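Structure record follows, encoded as structure tokens.
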């Protein structure tokens, strides 16, 4: 279990009732993929995809996940919304399902593929707020819609798990395959049944990222970090372990934070970028820093929060003429270090920091767990600061802190080069 | 069933293609739970002499809580446990990749038993024979590695790595370069290298593989500098891929004043073919229980050997055996890092390794490597025919391969670990990989020279069968094992120090009280 595993959402086990799994399908997800449209966001693209002969496949993939879930836990109750947004897939999989009608006045039963919108996904999620786990089939765009609805629900939101069915599936909230989503859901359900503390009943935060499809079609890749969703923690357990290697996972984020703090020098301003890893650095200093914002800290007097959640302009003012170090984490699965979710760390901010004289390597600290680097499968880290000249200056090899007194030297290149390749 | 029909025709039923294995399941308690007060294995007669009065300060207040059992029950207990194992003498042990599981000839145990009566404090004159074995084994390993001298004192492979890192530290300190505080290793080198360096106080830089599966030499170029103490690297790495630019790696580290240390724990693919010193390495180590056929002791005592170049000889652990042309003796090198193990080392294993090498001869050692590599490539050919199995990076492999079930896993939801567990229902097993998993859904196979073609065919057939089960009935595979001593264990407690109980006393304290 990772250290940021939370207790089960519902602390009371359910000895007297089956776990309820919700299902939402974005029936048009993945349409644009085979059609070569690089995505499926927007009705126009969806119509174009259908015109090019694309067939909807999200519903079928959702059914595969439900089938896997039922194979593992035959009694699981599936609650979904009518039509192609869930009902069809659930029935296809042979699930005796309960239907909930989204309100208020949604576009009723969307019926045929192509007619649903992001709003329908959000409404469906809101209607299914009472489930123990919500499965959704779609891509990164769908994940964003789910995230919006989850934010609206606040503390009432159930944990979710993505069934990969979209063109772009970069977000960390997806299982590796539809069947895997079903198995994971079953494992989570078993965990809940057996009560708190049971293996599989915990959740972790997983990132939601998405590309701007219009820019992507022009050859410009600009994924953004939108936030995070709580997903079953069992994913880590499923990847298997060698006995005796325990402790590797939980220690790593704290180890990284400890190493960063150990390297901190008095009088230097440290710019902590967004992410759970950099947030752990703040925690190690005894400070409360933001998950998605940029914070400026100093190590003096055991840790000082100079400014929290700063804008680009504020940040520029805080680092200009001062000795500063930028501490950034890596976006999981993609490798972005600069230009994704941390636009506050702008080219002029970086220039101000590394222009101070010292070698770049000491002014820019990149943090990543070994697992995160392993997941890049040999692909380089990416910089897309918005200033190609600066990106090129950063190109080469950068030290990445992977633990306490542990690091690697990893290739970093400009995002445009990587995606042209 | 077919077997029933065949049975009617033949006096002994022919065997099906896959063996109908079933492991013993004794449901055996912990030995402490079997204890009964007053029970004894041996009735010792009353001593004729008065009891020795120990001083109060060294006397136990109460006797140790040892299990009290009869001989039969002790024997039965351990025989039962031994039946619940899949050791190298029972299964086709090619699945424990990186561990180099090979047959340890039983006759060598007889030789080891022959020196069991020696006392480590006997005068040198009375143990010339065993000192000669130490000396000759050292010279043979020096020849095999190209190194100047070899210490046989370490009690395990990791202890040998630690001794090497201690020598590296002592060497730099002696040269007034104690500021060197970084050790560089690679992701596919054995993690003991990183662990030992870190335990010794070094900061560890781990190089990731490049797109071709080789350690990234550009990353090494960026990593080396005045703080570099050493490079500690395995070759071929755990992927089975040999790094052809290894000399450049060594030269890069030398160019900044660092030392290069070759992890040759497993030298099975290169015996008699290439040598550590020939690539410029300053230090290397062997695990005698891998390449040189002494038993894997599962926690020891095993035996490791550290080889060093002439420049590092003064720092060797001591004592080392000397020979003046007539007499064998012992001495501790002038700047020795000290002892890494009491006395000379784990002598029974030194004797076994010596006997094994003597039986092989120089040509035999090379034949070991050639056969191991041939076996590995034959098995790889068989495994890659299984749909869903792959070997990432299109590279020639030496003595082992880290494979991937990624494709099978994505199609079926069955994970590599689960396939390995199901394979145990057929009397074999495999290990996945060190962490983190760079190869997705990994499994690592290493058939040494010990295994026959039939063994490899059977092993591949078992994996092919389980892979096809994963496609037709993934839930069945996930529910495995069915024919094993125990079912799956919940590994979550491994992350919880409150649940750990390395001793019975701790178990009683944490779980029974």
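What to note about this one:
- Test: residue in region A:83-90 that is in contact with a helix residue (DSSP H, G or I) (Cβ under 6 Å, 6 or more places away or on another chain) and modelled with pLDDT under 90: no
- Within region B:76-89, being in contact with a helix residue (DSSP H, G or I) (Cβ under 9 Å, 6 or more places away or on another chain) and closer than 16 Å to residue B:431 by Cβ holds for one residue alone: B:86.
- Residue B:142 meets all of the listed conditions (1) more than 9 Å from every other protein chain (Cβ to nearest Cβ); (2) over 24 Å from the mean Cα position of the chain (by Cα) but one, namely (2).
- Summed over region B:255-293, residues that are part of a strand (DSSP E or B) and either in contact with a helix residue (DSSP H, G or I) (Cβ under 6 Å, 6 or more places away or on another chain) or surrounded by fewer than 24 Cβ atoms within 10 Å (Cβ to Cβ) (or both) total 8.
Let's see how each residue does on (1) farther than 17 Å from residue A:348 by Cα; (2) in a strand (DSSP E or B); (3) away from chain B (no Cβ under 11 Å); (4) in contact (Cβ under 8 Å) with a residue 60 or more places away in the chain:
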{"position": "A:374", "(1), (2), (3), (4)": "yes, no, no, no"}
{"position": "A:378", "(1), (2), (3), (4)": "yes, no, no, no"}
{"position": "A:382", "(1), (2), (3), (4)": "yes, yes, yes, no"}
{"position": "A:386", "(1), (2), (3), (4)": "no, no, yes, no"}
{"position": "A:389", "(1), (2), (3), (4)": "no, no, yes, no"}
{"position": "A:399", "(1), (2), (3), (4)": "yes, yes, no, no"}
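- Among the residues of region A:189-222, those that are at pLDDT 65 or above and touching a helix residue (DSSP H, G or I) at 6+ places or on another chain (Cβ under 6 Å) comprise A:208, A:210.
- So residue A:119, is it away from every other protein chain (no Cβ under 14 Å), over 30 Å from residue A:330 (Cα atoms), surrounded by fewer than 24 Cβ atoms within 10 Å (Cβ to Cβ) and modelled with pLDDT of 85 or more: yes
- Among the residues of region B:201-254, those identified as buried (at least 17 other Cβ atoms within 10 Å of the Cβ), at the interface with another protein chain (Cβ under 10 Å from one of its Cβ atoms), over 30 Å from residue B:446 (Cα atoms) and in contact with a helix residue (DSSP H, G or I) (Cβ under 8 Å, 6 or more places away or on another chain) are B:202, B:224.
- Condition met for residue B:323 (buried (at least 24 other Cβ atoms within 10 Å of the Cβ) and either in contact with a strand residue (DSSP E or B) (Cβ under 9 Å, 6 or more places away or on another chain) or not assigned by TED's automatic domain parsing to the domain that holds residue B:445 (or both)): no
- Consider region A:129-162 and keep the residues that are within 18 Å of residue A:65 (Cβ to Cβ) and modelled with pLDDT under 90. The one that is nearest to the chain's Cα centre (by Cα) is A:140.
- Any pair with Cβ under 6 angstrom, 6 or more apart, that starts in region A:247-260 at a residue that is facing chain B (nearest Cβ under 10 Å) and ends at one that is modelled with pLDDT of 95 or more and outside any helix (DSSP H, G or I): A:259/A:401
- One residue stands out in region B:414-436 among those that are in contact with a strand residue (DSSP E or B) (Cβ under 7 Å, 6 or more places away or on another chain) and outside any loop (DSSP other than H, G, I, E, B): the one that is farthest from the other protein chains (Cβ to nearest Cβ), namely B:420.
- Residue that is nearest to the chain's Cα centre (by Cα) [pool: residues in region B:342-354 that are more than 20 Å from residue B:104 (Cα to Cα) and surrounded by fewer than 21 Cβ atoms within 10 Å (Cβ to Cβ)]: B:342
- Within region B:65-90, considering residues that are touching a residue at least 60 places away in the same chain (Cβ under 8 Å) and over 17 Å from the mean Cα position of the chain (by Cα), the one farthest from residue B:401 (Cα to Cα): B:65
- Exclusive hit being surrounded by fewer than 15 Cβ atoms within 10 Å (Cβ to Cβ), at pLDDT 90 or above and not assigned by TED's automatic domain parsing to the domain that holds residue B:373, set B:80, B:76, B:25: B:25
- Answer residue from region B:182-200, given it is at pLDDT below 95 and facing chain A (nearest Cβ under 10 Å) and is farthest from residue B:256 (Cα to Cα) among those: B:191
- Residue B:398 meets all of the listed conditions (1) closer than 28 Å to residue B:195 by Cα; (2) assigned to a loop (DSSP other than H, G, I, E, B); (3) within 11 Å of chain A (Cβ to nearest Cβ) but one, namely (3).
- Counted residues, region A:284-302 - those being out of contact with any helix residue (DSSP H, G or I) (no Cβ under 8 Å at 6 or more places or on another chain), free of Cβ contacts under 8 Å to residues at least 60 places away in the same chain and part of a loop (DSSP other than H, G, I, E, B): 2
- Where a residue in region B:135-152 is without any contact (Cβ under 8 Å) to a residue 24 or more places away in the chain and outside the structural domain of residue B:286 (by TED's automatic domain parsing) and its partner, wherever it lies, is part of a helix (DSSP H, G or I) and buried (at least 18 other Cβ atoms within 10 Å of the Cβ), with Cβ under 7 Å and at least six apart: none
- Per-region count, region B:65-108, residues in a loop (DSSP other than H, G, I, E, B) and farther than 30 Å from residue B:36 by Cα: 21
- Any hit, region B:473-483, residues being modelled with pLDDT under 95 and within 25 Å of the chain's Cα centre (by Cα): no
- Only one of the numbered conditions (1) buried (at least 24 other Cβ atoms within 10 Å of the Cβ); (2) away from every other protein chain (no Cβ under 14 Å) is not met by residue B:442, and that is (2).
- Counting the residues of region A:44-60 that are in a helix (DSSP H, G or I) and either touching a strand residue (DSSP E or B) at 6+ places or on another chain (Cβ under 6 Å) or at pLDDT below 85 (or both) gives 10.
- Residues in region B:403-413 that are out of contact with any strand residue (DSSP E or B) (no Cβ under 8 Å at 6 or more places or on another chain) and more than 9 Å from every other protein chain (Cβ to nearest Cβ): B:408 alone.
The values are calculated or read from the model by the stated rules, or taken from the named source; none is laboratory data. All of these numbers come straight from a predicted model, not from anything done at the bench. No Cβ is skipped: glycine too gets one built from the backbone with ideal geometry, and neighbour counts run over all protein chains shown.
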